[in-house]
1. Among the residues of the stretch 167-179, is there at least one that is out of contact with any strand residue (DSSP E or B) (no Cβ under 7 Å at 6 or more places or on another chain), outside any loop (DSSP other than H, G, I, E, B) and loosely packed, with under 15 Cβ neighbours inside 10 Å?
2. With respect to residue 139, determine if the residue is touching a residue at least 12 places away in the same chain (Cβ under 8 Å), under 24 Å from the mean Cα position of the chain (by Cα), in a loop (DSSP other than H, G, I, E, B) and more than 23 Å from residue 68 (Cβ to Cβ).
3. Evaluate the stretch 148-163: report whether one residue or more is in a loop (DSSP other than H, G, I, E, B), at pLDDT 95 or above and buried (at least 16 other Cβ atoms within 10 Å of the Cβ).
4. As an exercise: evaluate residue 130 against (1) surrounded by fewer than 16 Cβ atoms within 10 Å (Cβ to Cβ); (2) in contact with a strand residue (DSSP E or B) (Cβ under 7 Å, 6 or more places away or on another chain); (3) farther than 17 Å from residue 201 by Cα and give the number of the one condition it does not meet.
5. I'm trying to understand the selection: among the residues of the stretch 191-200, which are closer than 25 Å to residue 107 by Cα and in contact with a strand residue (DSSP E or B) (Cβ under 6 Å, 6 or more places away or on another chain)?
6. From the list 62, 38, pick out the single residue that is within 25 Å of residue 194 (Cα to Cα), modelled with pLDDT under 85 and in a loop (DSSP other than H, G, I, E, B).
7. Out of all the residues in the stretch 95-113, is one or more in a strand (DSSP E or B) and either exposed (fewer than 15 other Cβ atoms within 10 Å of the Cβ) or touching a helix residue (DSSP H, G or I) at 6+ places or on another chain (Cβ under 8 Å) (or both)?
8. Please indicate, with yes or no, whether at least one residue in the stretch 173-192 is modelled with pLDDT of 95 or more, within 16 Å of residue 112 (Cβ to Cβ) and more than 20 Å from the chain's Cα centre (by Cα).
């Protein structure tokens, strides 16, 4: 008498063959799929991938209330790119600023691109500035001139808090540190600060 076939073994063999075919098709697909190169154009194939940083904002994200009334102290914090104005110890407003093109360190000589550090006073106001409006500080002081003389260099001068270059479109604000050593804000900001700041106002510039 003939024995009946064993269907379980035939089904197991069929599943094994289907699995092998699926693996072969998967390997073929991976081999034929083009690989995306995330490296920068012009770099070698073995060069590491580069993540480009986003440029930080140059102005506060939220608008601030307009400055009103006089100020009696201006604090500039170079490392924070921040200028804060006060009246009788109370903070009135904070501004984002641009500095000299070489902002790190104290100013030592003309042309070094640095913004001076120390305690100064507003000693002149210019409503015909090449940078909209400007408030001059009394750099170089006696100690600045003495230091420069000992080093045999010119200490420089003409340090201002000012707006944007007059030839720029109205409302445009240059990003980053671009002045020759001055402190730059927008034209709208220098207009309100100019109106609120008298001669003799204290200006402290910190690293």
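1. For the stretch 167-179, residues out of contact with any strand residue (DSSP E or B) (no Cβ under 7 Å at 6 or more places or on another chain), outside any loop (DSSP other than H, G, I, E, B) and loosely packed, with under 15 Cβ neighbours inside 10 Å: absent.
2. It is false that residue 139 is touching a residue at least 12 places away in the same chain (Cβ under 8 Å), under 24 Å from the mean Cα position of the chain (by Cα), in a loop (DSSP other than H, G, I, E, B) and more than 23 Å from residue 68 (Cβ to Cβ).
3. For the stretch 148-163, residues in a loop (DSSP other than H, G, I, E, B), at pLDDT 95 or above and buried (at least 16 other Cβ atoms within 10 Å of the Cβ): present.
4. Only one criterion in (1) surrounded by fewer than 16 Cβ atoms within 10 Å (Cβ to Cβ); (2) in contact with a strand residue (DSSP E or B) (Cβ under 7 Å, 6 or more places away or on another chain); (3) farther than 17 Å from residue 201 by Cα is unmet by residue 130, namely (2).
5. Result: 197, 199, 200.
6. Of the residues listed, the single one that is within 25 Å of residue 194 (Cα to Cα), modelled with pLDDT under 85 and in a loop (DSSP other than H, G, I, E, B) is 62.
7. Checking the stretch 95-113: at least one residue is in a strand (DSSP E or B) and either exposed (fewer than 15 other Cβ atoms within 10 Å of the Cβ) or touching a helix residue (DSSP H, G or I) at 6+ places or on another chain (Cβ under 8 Å) (or both).
8. no
The values are calculated or read from the model by the stated rules, or taken from the named source; none is laboratory data. Owing to the predicted nature of the structure, the values given are computational and were not obtained by experimental measurement. Cβ sites come from the backbone with ideal geometry, for glycine too, and all protein chains shown count toward neighbours.
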